[in-house]
Structures are given as structure tokens and as C-alpha cells.
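Here's the structure, in C-alpha cells; my notes come after.
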Amino acid sequence: MVDRTGIPLAATVSRANVNDVTMLLATVVACPLSGYGADGKRPGELYADRAYDSDGHEGLIRWLGIEPRFAQRGEGHGSGLGKVRYVVERTIAAVHQNRRLKIRYEKREDIHLAFLTLACAKLCWYRLDPERN
């Protein structure tokens with residue numbers, strides 16, 4: 001989960017054969033509760049692709065106080081969501097610059113999560129450092 005500038009807010013780890021949508025709640029709940037959104041809580045909107053489009057997931061996200069902006073199944077790709085999703089894809093590509101994360105060599109989930117956390121911290125450091133910009 002990233003903010004609108006591509007800064008990582010939350011990351012979760014699962015097995016390779018798990019659908020991304022099953023990790024939706026865990027990822028949203030892992031988002032920090034301070035400094036984001038209009039009320040200083042969680043973000044106000046959540047953009048996602050078609051895999052997340054279901055009444056159950058949209059209702060769950062609304063229950064958390066976040067407005068879901070999911071691409072709708074059965075509609076063309078001209079929804080404009082790709083312009084927003086580009087930020088997420090760019091961040092994922094930056095995280096995958098770390099060789100240990102591009103292919104998961106670790107069998108233990110905690111070790112892989114540690115490497116993922118380090119990569120996200122490094123990415124935050126690069127993107128938030130005012131002297132680099």
C-alpha cells in the first residue's frame with residue numbers, strides 16, 4: 001500500500017500461490033494510523049485493480065472509513081485508473097531492484113518480511129530526502 005506519491009505505507013507477505021485480494025484487509029490494517037487522510041487516520045480513498053472488485057471487499061473497505069475506487073469488472077481499460085495505479089507499479093518496480101525480493105529465496109516468512117521492510121525504508125529514504133530532490 002502506497003500513498004499518492006509512491007511512499008510505502010504498508011507491506012505484507014504471503015505465500016506465492018495466494019491471491020492478492022486475500023491480503024487486502026491485512027495490508028489496509030497494517031497502514032499507520034497517524035498523519036494520513038483528512039482526519040489524520042487511514043487514507044480516504046483506496047485505488048485497486050479489477051481483482052478487488054466485489055461487494056464484500058468494497059463493503060469491508062467502506063466499513064473501515066475508506067472509499068474504495070476499484071476498477072470494475074467487465075468494463076474497458078479506459079477507466080483512467082491506470083494513471084493512478086502507475087504510482088503503485090513504479091514503487092513495486094523500485095522494491096524489486098533489490099535482488100533478494102525479486103525472487104523469494106527465503107523459506108521463512110519473517111526473514112522475507114525483514115528484507116521487504118528494509119527495501120521500503122530505503123525507498124522512503126530516497127524519496128523523502130530533500131537534498132536528493
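Which of the residues belonging to the stretch 7-37 are at pLDDT below 85, surrounded by fewer than 17 Cβ atoms within 10 Å (Cβ to Cβ), within 16 Å of Leu116 (Cα to Cα) and touching a Lys or Arg at 6+ places or on another chain (Cβ under 8 Å)?
Once the filter is applied, which keeps residues that are at pLDDT below 85, surrounded by fewer than 17 Cβ atoms within 10 Å (Cβ to Cβ), within 16 Å of Leu116 (Cα to Cα) and touching a Lys or Arg at 6+ places or on another chain (Cβ under 8 Å), the stretch 7-37 yields only Ala16.
Which one is modelled with the lowest pLDDT among residues in the stretch 42-63 that are of a type in the set (D, E, K, R) and over 15 Å from Met1 (Cα atoms)?
Once the filter is applied, the top-ranked residue is Arg50.
Just to be sure, is Tyr105 of a type in the set (Phe, Trp, Tyr) and in a loop (DSSP other than H, G, I, E, B)?
Yes, satisfied.
Select from the stretch 69-108 the residues that are under 15 Å from the mean Cα position of the chain (by Cα), over 20 Å from Ser54 (Cα atoms) and not hydrophobic (A, V, I, L, M, F, W, C) and write down the one among them that is modelled with the lowest pLDDT.
Going through the qualifying residues, I end up with Tyr86.
The values are calculated or read from the model by the stated rules, or taken from the named source; none is laboratory data. Only a predicted model underlies this, so the values are computations on that prediction, with no experimental measurement involved. Neighbour counts are summed over all protein chains in view; Cβ atoms, including those assigned to glycine, are modelled from backbone coordinates with ideal geometry.
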